[in-house]
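First comes the structure, then the notes that go with it.
The values are calculated or read from the model by the stated rules, or taken from the named source; none is laboratory data. All figures in this text were calculated on a predicted structure; none of them were measured in a lab. Positions of Cβ are backbone-derived with ideal geometry, glycine not excepted, and every protein chain shown enters the neighbour counts.
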Amino acid sequence: MATALQNGNAKDGTNGDTNGPKLTRFSNVPASIEVPVQGDQDDEAVEIDLEDLGDDPTELCTLFENERAAKPYWMAVALAYAKQGKVDHAIEMLHRGSVAIQSSIAAQNGNTGQRDKVSMICCLCWMYLWKSREAPRVAPEGTRVSEAKTKDYYLQLATSSLNDAARLNPSFSPMYLARGVLLLLRASLQAPPKPLVAQGQRSSNCSRRP
């Protein structure tokens, strides 16, 4: 049965009954986070309200890059954007975050940084899969095929993300589920096969021709 999302929980779309099962998607996204920043005092931090994020994530990305924010901060903001349905902003946070994490791998613990980047890339793949489900199957009228953001366009981005994650850590288990969903969505774009005509029926039809 289809459900409507409201504040990260499932609500019955038919009669509004809220006593049914709840979805746990985004349930772990906090209302706010405190990001440590460099200052005169060691315990300085900037509080970010995740329930009232701006329409442009550029400023937050720049802040996180300058402060060399750890993966959990990037992920928290990205998932908060996704919770609000702003998947494009979530994608930007994850993309820039994975690049920032990569640049800090050499300066910090290489193994930890590698795992952080893989998990962010895998999350990025899920965002592309989400966009693919919402995108049109074919290019809208008046839009160039090369510029259209169709289902196949986002599936190609998801495939590229999975390949990047696999090169970094081929045994990263969340990747397997993402790849399975990717294959299902890819298969749904294939045209259904034409029905086979039985040999006996074909012969019967031929015999009826004048």
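Determine, yes or no, whether Leu60 is modelled with pLDDT of 95 or more and among the aliphatic types (A, V, I, L, M). Against the criterion (modelled with pLDDT of 95 or more and among the aliphatic types (A, V, I, L, M)), Leu60 qualifies.
For Gly97, the conditions (1) free of Cβ contacts under 8 Å to residues at least 24 places away in the same chain; (2) in a helix (DSSP H, G or I) all hold with the exception of (1). If the condition is being part of a helix (DSSP H, G or I) and either in contact (Cβ under 8 Å) with a residue 60 or more places away in the chain or of a type in the set (D, E, K, R) (or both), then segment 36-73 contributes Glu59, Glu65, Lys71. Within segment 23-48, being surrounded by 11 or more Cβ atoms within 10 Å (Cβ to Cβ), farther than 14 Å from Ala76 by Cβ and among the acidic types (Asp, Glu) holds for one residue alone: Glu44.
Answer with yes or no whether Pro140 is assigned to a loop (DSSP other than H, G, I, E, B) and within 18 Å of the chain's Cα centre (by Cα).
Working: assigned to a loop (DSSP other than H, G, I, E, B): yes; within 18 Å of the chain's Cα centre (by Cα): no.
No, not satisfied.
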